[in-house]
Amino acid sequence: MSPTEIFRQLTGHDPQGVWAAPGRVNLIGEHTDYNEGLVLPFAIEARSEVAAGRRDDGVVRVLSLQKPGDLVEADAAGVGPGQAVGWSAYVLGVVWALRQAGHDVGGADLVLDGRVPSGSGLSSSASVECAAALALAELYGLDLPGERLATLAQQAENDVVGAPTGPMDQRASMLCTEGHALLLDTRDMSTEQVPLNPAASGLALLVVDSRVHHEHTDNAYGDRRRSCEQATSELGLRALRDVPLDGLEETLRRLSTDELRSRVRHVVTDNARTRTVSEALCRGDWTTVGQAMTASHASMRDDYEISCPELDLLVDAALDAGASGARMTGGGFGGCAVVLTRADLVDTVSANVQKAFARAGYDEPRPFVVRPSAGARRLS
Ligand code: ADP
Ligand code: MG
């Protein structure tokens with residue numbers, strides 16, 4: 001059943017609208033976001049939809065088609081950090097973020113249908129938050145730009161869900177446009193739409209879910225952030241973004257350990273690769289894009305040490321089958337890889353990855369073609 005039909009069952013009337021926000025894949029620029037660097041995500045077709053209507057009693061009711069039977073009810077004025085737990089915190093957190101920013105948001109019925117695979121690094125969380133943010137803003141007549149809603153959605157995730165994530169996911173879900181990637185500069189939060197239309201050049205972007213979800217992701221993430229802070233202070237800079245690529249090895253010699261040198265090398269080179277890729281996309285130079293993606297994977301594997309055997313095998317098997325470029329995407333230690341390939345090789349590449357995983361005794365990976373899609377919007 002559609003979220004609209006479930007909404008009718010729940011409330012006895014039609015929703016005032018249905019809003020949608022997509023998941024995303026980061027094409028390149030990994031772990032650069034907390035170093036004031038560049039990232040280049042694009043929205044995918046998979047999205048979360050929210051059928052919503054206003055309530056005048058100040059009560060927020062949230063239902064997810066993916067969490068049947070779990071109708072969550074809360075007082076709009078009573079939600080906040082420490083008050084909301086579980087999946088509904090992603091929605092109630094947005095109510096809180098809007099209210100604490102001074103916006104007069106009250107009760108609402110929200111029925112959520114999330115079609116972004118959850119926990120695979122495609123940012124189902126941001127898709128839920130952004131769909132809810134857009135729905136609530138329109139229900140309450142708030143004329144807020146997408147950038148502002150993205151910031152509030154990020155606050156919901158940081159402060160109410162309690163996940164210390166950067167600014168990329170919500171901005172991608174909110175601001176991406178069809179046929180483009182979003183070049184986001186996390187220093188000043190400025191954005192640029194970069195043409196990304198592989199199909200027009202006989203190419204395809206393939207995402208492969210490795211099906212690996214390692215437990216120690218959070219610790220490793222904290223470790224990497226601390227290393228970056230340490231290196232920043234040893235170099236006397238504001239952020240690793242400010243380390244010039246020219247003369248990099250000389251700069252690295254000023255650091256106290258080999259580990260810090262490797263971490264900084266990744267951040268600086270991936271930041272440079274992100275710029276290289278966005279410039280190459282503007283002139284249709286896909287060869288450069290593919291090479292930079294593969295170089296980025298090597299950097300994450302060898303310097304930032306956030307890959308895992310499954311992702312390395314995935315990337316190698318894709319390249320062996322003729323893909324033009326491949327890299328893990330997302331925080332690391334599992335999740336998905338993104339592969340650039342000729343469109344007529346999609347099946348060959350997918351089959352080769354599956355064969356390699358079967359031979360290694362790994363769980364069957366899930367490949368699917370993604371198309372750079374539109375960001376959050378009202379559907380009806
Ligand atoms: P990712 O964003 O990479 O998919 P996260 O751990 O950040 O992974 O977010 C996943 C969480 O978001 C889920 O555990 C759940 O709490 C919430 N979520 C995502 N989609 C839905 C949905 N359709 N219904 C309810 N909760 C959802
Ligand atoms: Mg998430």
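Each value in this text was obtained by applying a stated rule to the coordinates, not by laboratory testing. In this text the structure is predicted, and so the values were computed from the model without any measurement. Quick reminder, even Gly has a Cβ in these numbers, built from the backbone with ideal geometry, and neighbours come from all protein chains shown.
Here are a few things to note about the model shown:
- Note on the chain: Kirkwood hydrodynamic radius from all Cα pairs is 21.3 Å, rounded to one decimal.
- Put simply, the convex hull of the Cα atoms in the stretch 126-187 casts, on average, a shadow of 4.6 nm².
- Descending Cα extents along the principal axes, the stretch 1-55, whole Å: 49, 23, 13
- Its relative contact order, with pairs defined as Cα atoms under 8 Å and 6+ residues apart, puts the chain at 23 percent.
- Take every Cα pair under 8 Å whose residues are at least 6 apart in sequence, average their separation, divide by the length of the stretch 196-370, and the relative contact order is 34 percent.
- Cα gyration tensor shape of the stretch 196-370, rounded if a/c is under 1.5, else prolate or oblate by comparing a/b with b/c: oblate
- Counting every other Cβ atom within 10 Å of each residue's Cβ, 75, 303, 169, 104 order from fewest to most as 104, 75, 303, 169.
- Relative to the longest principal axis of the Cα atoms of the chain, helix 258-282 runs at roughly 70 degrees.
- For the peptides 320-326, 367-373, 241-247, the ranking by packing is 320-326, 367-373, 241-247, with the highest mean count of neighbouring Cβ atoms within 10 Å listed first.
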